[in-house]
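These notes are about the structure you will find just below.
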Amino acid sequence: MVDLSVNLGNNLVLKNPVMTASGTYGYGTEYADFIDINQLGGIVVKGTTLTKREGNPYPRMAETPKGMLNAVGLQNVGVDSFIETIYPKIKDFNTNMLVNVSGSTVEEYVETARKINSLDNIPGIELNISCPNVKEGGMAFGTSCPSAIAVTKAVRDVYKKHLMVKLSPNVTDITEIAKGVEGAGADSVSLINTIMGMAIDIESQNPKLSTITGGLSGPCIKPVALRMVWQTANAINIPVVGMGGISSVSDAIEFILAGASAIEIGTANFIDPEITIKVIDGIEAYLCEKGCKSIGEITGALKI
Amino acid sequence: MKYIHDFTVTDNIRQNHEFVVLTLKCDSTIPEIVPGQFAEVRVDNASNTFLRRPLSIHDVNYNNNSLKLLIQEVGEGTKKLSNLNKGDSINMVYPLGKGFTKPLNDQKSLLVGGGCGVAPLLFLGRYLVKNNITPRFLIGAKSSKDLIRLDEYRDLGEVMITTEDGSEGVKGFIIHHPVLKTEKPDFNIIYTCGPDGMMRVLSKYAAKHNIDCQVSLENNMACGFGACLCCVTPTQQGHKCTCIDGPVFDSKYLKW
């Protein structure tokens, strides 16, 4: 038997390194017809804000070569409604349910995190300082070091469980932000969020997204994500959760070799709703083949 | 319950320059499908097609676990699907979304389709016939050569036609057909699928005459099952996903 479990620190232990990325997996229940979601290492649910958000106008999505742009804009029911109506339905899943937390101001992040801190069956939050699709807040916090540090510190003061901070790739040096949030008390970092992009309909000469620009995801961003995960894992001492275009077993293993303790699968779930299970099984098979007893043996094992 | 099934292409019949009908057979038992529901079809070996393609179910035969898709060639993905051959494999996530709802006992129905929007209306027509309701169809197209599978629809009920160039039926758009010109309509529920503009006009018509109107939307989607929130449409209760709250909506519920 191979030990696939991963300890991300501060009482967040995954049974295997495969989690699902926020904004691509709803609240987990959307996939329950396809797979046993209890087999996942963790599920990061839809970005949650202090108050309900309607998100951006349609169209919010444009297909691109080997990827897609989205401009959903954090449509969600708001934290109170999440606690009242959604939490009871997901709290008994036998996997780690993490809540992705976003906001327009530091106070909003703090208040949302404080409310989620009281939920027994949510072992951690993913602090979203990297959403490119909202006018205020979101990515603005994650693209400047002082504000990334400030929001992480403020949330750390009220949030006692596992604090994962989701980083933006839309920066000059992602390791500077990673070091900043590590110093501010983050238990782990996850990266990358989507890369800012755009697409144009040449017939109508309009942008394909209502917001003009949006966030690019899918296999087309994988090399960029992998590079950033490798740089970040070499720069900080807290665990790195890698994501960005992971669509296969070998993609996942690349991220782990580059230094990711765990990974998140996002956009690939849309095309293959069973991909997560295939990746879990495939990682196990790879470790057997390589004669490894635990996943830790290949974490950051890149040979240079 | 949603399923991921592999199907085998058993027939591919070209209808005209841009439409084909694929017949697909499944090794597994196909689940009950409501007319108006759709499938997310994976497109293999198409380098620029990343996402699955949402296509409405055109016809179902539960006896031999087969179904039909009416495919309009729009871009690379649908072109790839329209060129599949007998024996090729096709992977689908289905049945997805909320379909049309049955009319009340005393309701007379009119099924209005434009372009590729005729696809779900054949399956809906069959369903109505099975429930002892005779459907009437109003089908709009650019030209007579764009009218496809009319015999199938005629087997189920009366078929009225408009073409933009007047090459068949009444010249003009759907709304110009005499059946929609009378003071008092002789039907009290409209089922429609087709171009947005056509459905908006019908929705206004239905509101004016105080009759029910169910519209099937074709918004851009990524997942098809409520995870990505990309395909939203504005409704009286805020943004709703076309994939799980629709694709069929009561037109009164939409903010058009």
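Residues checked against (1) of a type in the set (S, T, N, Q); (2) over 15 Å from the mean Cα position of the chain (by Cα); (3) closer than 24 Å to residue B:73 by Cβ:
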{"site": "B:118", "(1), (2), (3)": "no, no, yes"}
{"site": "B:127", "(1), (2), (3)": "no, no, no"}
{"site": "B:131", "(1), (2), (3)": "yes, yes, no"}
{"site": "B:138", "(1), (2), (3)": "no, no, no"}
{"site": "B:146", "(1), (2), (3)": "no, yes, yes"}
{"site": "B:153", "(1), (2), (3)": "no, no, yes"}
What number of residues within segment B:8-36 are surrounded by 21 or more Cβ atoms within 10 Å (Cβ to Cβ) and either within 14 Å of chain A (Cβ to nearest Cβ) or charged (D, E, K, R) (or both)?
0
Give the residue, chosen from B:42, B:14, that is touching a Lys or Arg at 6+ places or on another chain (Cβ under 7 Å) and of a type in the set (D, E, K, R).
B:42
Restricting attention to segment A:206-220, does a residue exist that is of a type in the set (A, V, I, L, M, F, W, C) and either in contact with a helix residue (DSSP H, G or I) (Cβ under 7 Å, 6 or more places away or on another chain) or assigned to a helix (DSSP H, G or I) (or both)?
yes
What tally of residues in segment A:189-230 results from selecting those that are buried (at least 18 other Cβ atoms within 10 Å of the Cβ) and of a type in the set (D, E, K, R)?
2
What number of residues within segment B:219-248 are more than 19 Å from the chain's Cα centre (by Cα), within 8 Å of chain A (Cβ to nearest Cβ) and either closer than 16 Å to residue B:94 by Cβ or assigned to a loop (DSSP other than H, G, I, E, B) (or both)?
5
Take the residues in segment B:204-218 that are more than 14 Å from every other protein chain (Cβ to nearest Cβ) and aliphatic (A, V, I, L, M), then tell me which one is farthest from residue A:65 (Cα to Cα).
B:211
Could you tell me whether any residue of segment A:84-101 is at the interface with another protein chain (Cβ under 8 Å from one of its Cβ atoms) and among the β-branched types (Val, Ile, Thr)?
no
Qualifying strands (runs of 3 or more DSSP E) (wholly inside segment A:56-120; at least 3 residues being under 20 Å from the mean Cα position of the chain (by Cα)):
A:67-70, A:96-101
Taking residue A:125 as meeting all but one of (1) within 14 Å of chain B (Cβ to nearest Cβ); (2) in contact with a Leu (Cβ under 7 Å, 6 or more places away or on another chain); (3) without any contact (Cβ under 8 Å) to a residue 40 or more places away in the chain; (4) crowded, with 19+ Cβ neighbours inside 10 Å, write down the number of the exception.
(1)
Please go through (1) buried (at least 18 other Cβ atoms within 10 Å of the Cβ); (2) without any contact (Cβ under 8 Å) to a residue 60 or more places away in the chain; (3) at negative phi; (4) out of contact with any Lys or Arg (no Cβ under 8 Å at 6 or more places or on another chain) for residue A:259 and return the number of the only condition it doesn't satisfy.
(3)
Residue pairs, Cβ under 8 Å, 6 or more apart or interchain, first in segment B:215-238 and on the phi > 0 side of the Ramachandran plot and crowded, with 19+ Cβ neighbours inside 10 Å, second in a loop (DSSP other than H, G, I, E, B) and of a type in the set (Lys, Arg). List them.
B:224/B:52; B:229/A:60
Taking segment B:76-107 and keeping only residues that are assigned to a loop (DSSP other than H, G, I, E, B) and either in contact with a His (Cβ under 8 Å, 6 or more places away or on another chain) or farther than 24 Å from residue B:246 by Cα (or both), one is left with B:83, B:84, B:85, B:86, B:87, B:88, B:106
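Per-residue answers, yes or no, for (1) buried (at least 18 other Cβ atoms within 10 Å of the Cβ); (2) within 11 Å of chain B (Cβ to nearest Cβ); (3) free of Cβ contacts under 8 Å to residues at least 60 places away in the same chain; (4) under 17 Å from the mean Cα position of the chain (by Cα):
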position	(1), (2), (3), (4)
A:16	yes, no, no, yes
A:21	yes, yes, no, yes
A:26	yes, yes, yes, yes
A:29	no, yes, no, no
Taking the residues in segment A:121-155 that are of a type in the set (Ser, Thr, Tyr) and assigned to a helix (DSSP H, G or I) as candidates, determine which candidate is farthest from residue A:187 (Cα to Cα).
A:147
If you go through segment B:7-51, how many residues are of a type in the set (Val, Ile, Thr), within 19 Å of residue B:120 (Cα to Cα) and touching a residue at least 12 places away in the same chain (Cβ under 8 Å)?
7
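All of the numbers you see were taken from the coordinates with simple rules; none came from a lab. From a predicted model like this one, the values you see are computed outputs, not experimental measurements. Note: ideal-geometry Cβ built from the backbone for every residue, glycine included; neighbour counts use all protein chains shown.
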